[in-house]
Amino acid sequence: MEKTDKKQKILQAALSLFAHYGYRKTTLEDVADKVGMTKSNIYFYVKNKRDLYEKSVSHALEQWRDTIAAEIETVGSAGEKFAIAARRSFEYVEEHPELRALLMKHPDIFTLSPSEDRFYEVNHGAMMILKNVIRQGIDEGVFYPVDVDHVTEFLFSVYIMFLIKTYVKSDGSSGDRMFEEGLALIFRGLCKT
């Protein structure tokens, strides 16, 4: 098995254990056992448990972001891209129970402050996807000409707040109806027609 494949396997195993047991209860030995390695071999890939946690969460967030980016590339118009990105971002969490469990156990993964965001690079990449869709919509004449940077930051903040309400601070009610109403409201404010 190549080093890249081993690293992927380690990150996936770590994500699964962190999602199931949480950060404090998961050990490097647990991860090593799950992938059939020794603890000392894990150190070829990460510095320590904190580094393993950060890398496994980053990897999961990157997969989430990259999946959405690939899906919006299958359609042409900015309106379709925006709708797909919004819907699939939430569906992705529903389809990945380990990611969902991780978000529920570790609410500090999400922050509204870029200076506190440990996963800034991944989240910045997600914001760039959104920013490009908004720019495309303006160029197509479908979206109102808006301050792209501020609108992107606002919409990404709303997205993070919705994720927190739905998966971290859930009151047990379904967010589906609120999501659909929120998406309709955003489209009415952003789209010219």
Could you name the lysines in cross-link range of LYS34, using Cα to Cα under 22 Å and dropping any fewer than eight places away on the same chain?
-> LYS3, LYS6, LYS7, LYS9, LYS25, LYS47, LYS49, LYS55, LYS105
Taking amide H positions as placed in the peptide plane 1.01 Å from N, state which residues far from PHE143 in sequence (5 or more) or on other chains have amide H under 5 Å from it.
-> ILE138, LYS192
Length-normalised contact order for the chain - Cα pairs under 8 Å, 6+ apart - percent = 20 percent
Karplus couplings for segment 46-58 from phi (6.51 cos²θ - 1.76 cosθ + 1.60, θ = phi - 60°), rounded to Hz, Gly and Pro as x?
-> 9, 7, 6, 4, 4, 4, 4, 4, 4, 5, 5, 5, 4
Positive-end residue of THR74, LEU130, LEU103, charge dipole of segment 57-190 with Cβ unit charges | LEU103
For the chain, built as a Gaussian network whose Cα springs stay under 10 Å, the top-fluctuating residue of ASP147, ASP108, ASP30 | ASP147
Residue by residue, what Karplus-based ³J(HN,Hα) values in Hz, rounded to whole numbers, does segment 153-159 have, using 6.51, -1.76 and 1.60 with θ = phi - 60° and x for Gly and Pro?
-> 4, 4, 5, 5, 5, 4, 4
Helical mean residue ellipticity (222 nm; -39500 (n - 2.57) per DSSP H run of 4+; nearest 500) of the chain | -22500 deg cm²/dmol
Mind checking which aspartates and glutamates have their Cα closer than 15 Å to the Cα of LYS39? Skip sequence neighbours fewer than 8 apart in that chain.
-> GLU29, ASP30, ASP51
Taking the convex hull of Cα positions in segment 57-190, its mean projected area over all directions (nm²) | 7.8 nm²
Residue by residue through segment 103-115, the couplings from Karplus 6.51 cos²θ - 1.76 cosθ + 1.60 with θ = phi - 60°, in Hz, x for Gly and Pro, are 4, 6, 6, 10, x, 6, 4, 9, 9, 8, 10, x, 5
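Computed from the coordinates by the stated procedures, all read-outs in this text should not be read as laboratory data. Keep in mind the model is a prediction, meaning the values are calculated, not measured. We place every Cβ from the backbone using ideal geometry, glycine too, and count neighbours over all the protein chains shown.
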